[in-house]
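Okay, structure first, notes after.
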Amino acid sequence: SREVQLAARPVGTPKPSDFSMADVTLPPLEEGQVRVQNLYLTVDPYMRGRMNDVKSYTPPFALGETMTGGAVGRVLESRADGVQVGDVILHDRGWRTHANVNARQARVLTERPGVPLSAYLGVLGMPGLTAYAGLLRVAEFKAGDTVFVSGAAGAVGSAVGQIARLKGASRVIGSAGSADKVRHLTENLGFDAAFNYKDGPVAAQLKAAAPDGIDVYFDNVGGEHLEAAISSLKVGGHAAVCGMISQYNSTEANPAPRNLALMIGKQLTLRGFLVSPHYDLFDTFAEEVGGWIASGELKFDETVVDGIDATPEAFIGLLAGQNTGKMIVRL
Ligand code: NDP
């Protein structure tokens, strides 16, 4: 197996030299394990936190060891009941070409026409469920709401905006980091308005896009975006605080939203969440979002990078906004 290891803990923005490649011989399979050849790997923003030597909600990656993450692989050999050679499984031994996987920690996927297997790492997987649970359960979205989502052209954000539209939002507004992404949101994904946060202050651009204020904010970015949303939220508004990607590479303490006191008078609910406790929604989510994908009502994009050696670049590129939709590594 060719694998990507963490060579050094990144300081600030990760660099290619923080990663190294290793060729590893896998041990024989144990009872209950399957050997897979990975087809697709995911790189996700949360992995940046695991590269630091601090305890977070996930333990840090170890230096000189292969990293982990979501992957879709085809079974080459099986010593597990119920998993056959040729099956495709979703598992957590990513960042490598081959792996021995405990079958109990994997899910056998059904190949469906029109749905690429990589979608189980994105719109039909963890990021898709994050969008669904975060919007509908955590932010308590209801039909008629005006919704603002940051990171709107990414895997989670693009699903949030479209689910809000399909569930009857009165207005959906997104922010993203390039003119092309902004155009894509309004022209192809059905957002009512979108802006490039690099064009000027977020607060002013959000006010222009939502002159009557917003009912729900789905935060993927934090910082200036969260502050602007607090200003635009209406009385009784809700925010699902999902991610703060503008701060993941920070080497200094981050400024708090300076207007946080507004949440008192406006009686706002700002609720942080992790996707992990929301897997009870998975079947409902998969059926509803799977249906919208099949009918063409919900679109998803992928930015695909080829080859195991390009995985560090894919991860670095993700943090720099080189992706539209899900960043995927294809092997
Ligand atoms: P994305 O597909 O959205 O990719 C990350 C995007 O972040 C980039 O494309 C870039 O887009 C944007 N970005 C990078 N730096 C900045 C910045 N300084 N300011 C604003 N935007 C920036 O990733 P995901 O959809 O996988 O994740 C989105 C968010 O959701 C992340 O914050 C992630 O941590 C969080 N998350 C949380 C989960 C949970 O359980 N709470 C689960 C999954 C994801 P652009 O070009 O627009 O800048």
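Taken together, the values in this text are just the output of simple stated rules run on the coordinates, not laboratory data. It should be emphasised that the depicted structure is a prediction, and the values quoted were computed from it without experimental measurement. All Cβ positions, even for glycine, are placed from backbone atoms using ideal geometry, and neighbour counts span all protein chains on display.
Under 16 Å from the Cα of K142, which aspartates and glutamates turn up, not counting those fewer than eight places away in the same chain?
D215
Just to be sure I understand the rule: take each whole DSSP H helix in the chain, project its Cα atoms onto its long axis, keep it if the span is 18 Å or more and its mean Kyte-Doolittle hydropathy is at least -1.0. Which ones pass?
Helices passing the filter in the chain: 282-295.
Over 10 Å intervals from 0, what percent of Cα-Cα pairs in the chain sits in each interval?
So the P(r) values, bin by bin, are 6, 26, 33, 23, 10, 2, 0.
Which of A261, A194, A131 moves the most in a Gaussian network model of the chain with Cα springs under 10 Å?
Highest fluctuation among the options: A261.
Percent relative contact order of the stretch 126-276, based on C-alpha pairs within less than 8 angstrom and at least six residues apart?
Once normalised by length, the contact order is 22 percent.
Among R35, R107, which comes first, then next, by fewest other beta-carbon atoms within 10 Å?
R107, R35
Can you compute the FRET efficiency between E140 and Q37 using 1/(1 + (r/R0)^6), with r the Cβ-Cβ distance and R0 = 45 Å? Round to the nearest 0.05.
The value I calculate is 0.60.
So for the pair Q247, A310, with labels modelled 7 Å out along Cα→Cβ, what separation do we get in nm?
Output for this residue pair reads 3.4 nm.
From a point 7 Å beyond the Cα of R79 in the direction of its Cβ, which residues of the stretch 88-129 have a backbone N at a distance under 15 Å?
99-104
How do the peptides 3-15, 165-177 rank, highest first, by the average count of neighbouring beta carbon atoms within 10 Å per residue?
165-177, 3-15
For the stretch 72-200, take N as its residue count and report Rg(C-alpha) divided by 2.2 N^0.38 Å.
After normalising by residue count via 2.2 N^0.38 Å, the value is 1.32.
With a cap of 13 neighbouring Cβ atoms within 10 Å, and only residues DSSP puts in a loop, list the chymotrypsin sites (Phe, Trp or Tyr not before Pro) found in the stretch 197-246.
none
What value in Å³ per residue do you get for the convex hull of the alpha-carbon atoms in the stretch 126-276?
Value for the stretch 126-276: 105 Å³ per residue.
Using label points projected 7 Å from each Cα along Cα→Cβ, tell me how many nm separate V54 and K266, to one decimal.
According to this spin-label approximation, the distance is 2.7 nm.
Would you please put 184-192, 94-102, 45-53 in order of how densely packed they are, using the mean number of other Cβ atoms within 10 angstrom per residue and starting with the highest?
Going by the mean number of other Cβ atoms within 10 Å, highest first, we get 94-102, 184-192, 45-53.
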